[in-house]
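What follows is one structure encoded as structure tokens, with my remarks underneath.
The values are calculated or read from the model by the stated rules, or taken from the named source; none is laboratory data. Just so you know, these numbers come straight off a predicted model, no measurement behind them. Positions of Cβ are backbone-derived with ideal geometry, glycine not excepted, and every protein chain shown enters the neighbour counts.
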Amino acid sequence: MLEIRPANAAYMVIATVPVARSPNEVRVNSITNTVYVSNWNGGSVSVINGTTNTVTATIPVQGRPPNGLGVNETTNTIYVASTNDDILNVISGATNTITTTISLTGNPWAVDVNPITNTVYVTRSNFNLVSVIDGVTNTVTTTIPVGIYPTALVVNPTTNTIYVANRYDSTISVIDGATNTVTATVPVGGAFPLAVGVNPTTNTIYVPNYLSNTLSVIDGTTNTLTMTIPVGLFPHGIGVNPITNTIFVNIQSGNPSVSVIDGATNTVIESIPVGLSPNGSTIGVNPMTNTIYVANSGSDTVSVLRDIIPTDTPTPTATNTASPTPSLTPTTTLVPTIIDQPRETVTPIAISQLPSTGYPPSNQRDDSLRIVVAVGLMILAIGIYYRRKPR
């Protein structure tokens, strides 16, 4: 289900997390709220707690350099391709340890997973192949020929379809996950596609074209190019939030940034500055928290972005205030009482309790009147006494 984004929302960098050297790919396990970063020159994978935005573990991998990443959220398993040494590392997300490695010749590059079928897909760029791996047995079940130099792929688990970006012939190979066959080859309308993303909800595929400075939009139902969107200089990687229907493209050169695209209108709505050389093919997205993670290869950091709704600050307004009315200052008075009459208690009134007239309520004025009359009678009686007193 798509979520309507508030009109006044804006993405902001809420944290910058130091990691190892030359961070590259970023993937997220939204179930555990854990972020995984492959460090190209660091020979490791950084594990980031998505709640605290701190590195909780650094996992050394076998082979160099750690490149493509895939995460199976259901089994909590992470897959890391060591491209030059032809190794796929299999890591347990529970223990942050390597459980096994799989040999894949031909420069294993990009990785993605179908969590529903527990199937792993890895591009072997030098051989123009995609290997299909059983996630239970960790064995290669088949290989699929694709275009020239495949360096990115993404899985739509809803349709069980795999999309492979072929760098040197500027096409997308469409693979049926049920038959492991290529069902279509789609020209992207740009040059040098280095990444590919998908929105499973709308069945739309997005491809950044590195040398054309555009983002291609492909209809997943018809496998046709519907439009290209101008973005920044050298768009390199991509991430998609299917809940908000928002696409994120990292812009490597010029002003290093992330372009934010509205999937409903196919327009760039924001550009967020990040660190140096954000050049990974995958931008990590946690759709549950609407948090985006961008690897900055030149800064050895990960920028954490979140959709922020600004809080409106009330503007003071002038109001007509009535001038205060004079108030009677209460004084302490000794009140004599007539013995034959029942004693009455008078409750003092604070000035703040007086009504706008400045006088007590009528019932309390009656009490005061009776007191004044009593005092007057006392004074009169005393005067008569002294006048009649013998001298």
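If you take the residues in segment 189-225 that are in a loop (DSSP other than H, G, I, E, B) and within 23 Å of the chain's Cα centre (by Cα), which one is nearest to P23 (Cα to Cα)? Filtering first and then ranking leaves A195. The requirement of being buried (at least 16 other Cβ atoms within 10 Å of the Cβ) and farther than 24 Å from N223 by Cβ is fulfilled nowhere in segment 178-186; no residue meets it. Within segment 129-154, the residues that satisfy the criterion of being under 21 Å from Y210 (Cα atoms) and among the hydrophobic types (A, V, I, L, M, F, W, C) are V146, I148, A152, L153, V154. Of the strands (runs of 3 or more DSSP E) lying entirely inside segment 94-164, the ones with 2 or more residues being under 28 Å from N279 (Cα atoms) and either in contact (Cβ under 8 Å) with a residue 60 or more places away in the chain or not assigned by TED's automatic domain parsing to the domain that holds Y206 (or both) are found at 108-114, 150-156. Among the residues of segment 103-129, those identified as of a type in the set (A, V, I, L, M, F, W, C) and farther than 20 Å from R27 by Cα are L104, F127, L129.
Within segment 17-34, is even one residue loosely packed, with under 15 Cβ neighbours inside 10 Å, free of Cβ contacts under 8 Å to residues at least 12 places away in the same chain and not in a strand (DSSP E or B)? Looking through segment 17-34, none of the residues is loosely packed, with under 15 Cβ neighbours inside 10 Å, free of Cβ contacts under 8 Å to residues at least 12 places away in the same chain and not in a strand (DSSP E or B).
Say we look at segment 75-123 and pick out the residues that are among the small types (G, A, S) and touching a Pro at 6+ places or on another chain (Cβ under 8 Å); which of these is surrounded by the fewest Cβ atoms within 10 Å (Cβ to Cβ)? The qualifying residue surrounded by the fewest Cβ atoms within 10 Å (Cβ to Cβ) is S82. Taken as a whole, segment 161-173 holds no residue that is β-branched (V, I, T), more than 15 Å from D219 (Cα to Cα) and modelled with pLDDT of 95 or more. Kindly provide the set of residues from segment 91-133 that are of a type outside the set (A, V, I, L, M, F, W, C), over 32 Å from the mean Cα position of the chain (by Cα) and within 27 Å of R167 (Cβ to Cβ), ordered by number. Scanning segment 91-133 gives T101, S103, T105, G106, N107, R124, S125, N126, N128, S131.
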